[in-house]
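The values are calculated or read from the model by the stated rules, or taken from the named source; none is laboratory data. Just so it is clear, the structure is predicted and the values come from calculations on it, not from any experiment. Glycine also receives a Cβ, built like all others from the backbone with ideal geometry; neighbour counts cover every protein chain displayed. Each accessible area value is taken on the protein alone, full model and side chains, heavy atoms only, with ligands, DNA and RNA left out. Shrake-Rupley method; radii C 1.70, N 1.55, O 1.52, S 1.80 Å.
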Amino acid sequence: MPDAATYTSARSSASPSAPIASVPPVSPSGISSTSGAADQAAALGGFREAVCLNAGRVYDSCSGRDCLEDLPLYLTAAGNAVIDSGSSVKCRSIDVIHTALSVEEVPFNAGYYTVDMIFYFLVTLDVFSGCTPGCAAPQTVQGIAAFEKKVILFGSEGRVRSFRSGGSFSCGASPDTPSARVQTVDPICLGLKVCDEQKPGCGGICLPPEMETLIGGTPAVGNRYLYLTIGMFTIVSLEREIQMMVPVYDYCLPEKECESASAEDPCALFEKLRFPVSEFFPPKEKGTCE
């Protein structure tokens, strides 16, 4: 039977006769030269220290390219009156104003979760009263459209209950589920239909109070029905807060001073601004065959 190995800590209160473990040399970067971190520090040009941070690690993510056809657009009674009196309608812009998210475990598939999303779009329309758009100033009408989407992603497993100082009292801690994050750019309006009849399967919608405030009232049924076709790009990810070791090179210090316009000479600051050349000359398409 081999002898048991005995290790002596350099911080233990050992007697003078007890052997003291030698302290490994420390590199100028502050990392022990006998550890693998020292070699990594040398390869990376040297960093000041290694620190432990709480950060959100992305366990799984997916990108989406959705073409949403015939989304019903909901207007108020005043908005429907403008649509009924107009001769043509044009979609000016679409903005994603809110996304409702919920994460639930997938049964019999440990570590996998469904991410249910409801996107709310604020749609701005130009309603023309003349026969030719552009001859008269249009009336602006805003409405709300919504789209539901579900994806399944891997979010790993965890049984940790996290509590933070300063939080409100709760009778039950929430389960340790990952948090979902959705990123999107402003959608593209690909088409707009104005119909005299409602399409089958297109019923009403229950909007949060905040959405009704944006359009100035509750949705109402008019004589015409509007349907949008939208192109949207999204990235959905599942994240968990974990502790990780990261190298620190230095503090993030600004490289320039803030300049403010003075009341005496506001044009002096304007003269320092870069001329926006790209705004006047659009960039050429890259990667095309000539």
Using only the heavy atoms of the protein chains and a 1.4 Å probe, how would Glu271, Glu104 rank by accessible area, largest first?
Glu271, Glu104
Could you calculate the FRET efficiency of Thr184 with Ala50 from 1/(1 + (r/R0)^6), where r is the beta carbon distance between them and R0 is 35 Å, rounded to 0.05?
0.45
Accessible-area ranking of Lys90, Lys149, Lys284, largest first, probe 1.4 Å:
Lys284, Lys90, Lys149
Along the dipole axis of region 46-162 (charges at Cβ: +1 for Lys and Arg, -1 for Asp and Glu; origin at the Cα centre), the most positive-end residue among Ser61, Ala137, Leu125 is Ser61
Difference of contour (0.36 nm per residue) and Cα-Cα distance, Glu210 to Val277
20.1 nm
With every protein chain in place, what's the accessible area of Ile242 (1.4 Å probe, Å², nearest 10)?
40 Å²
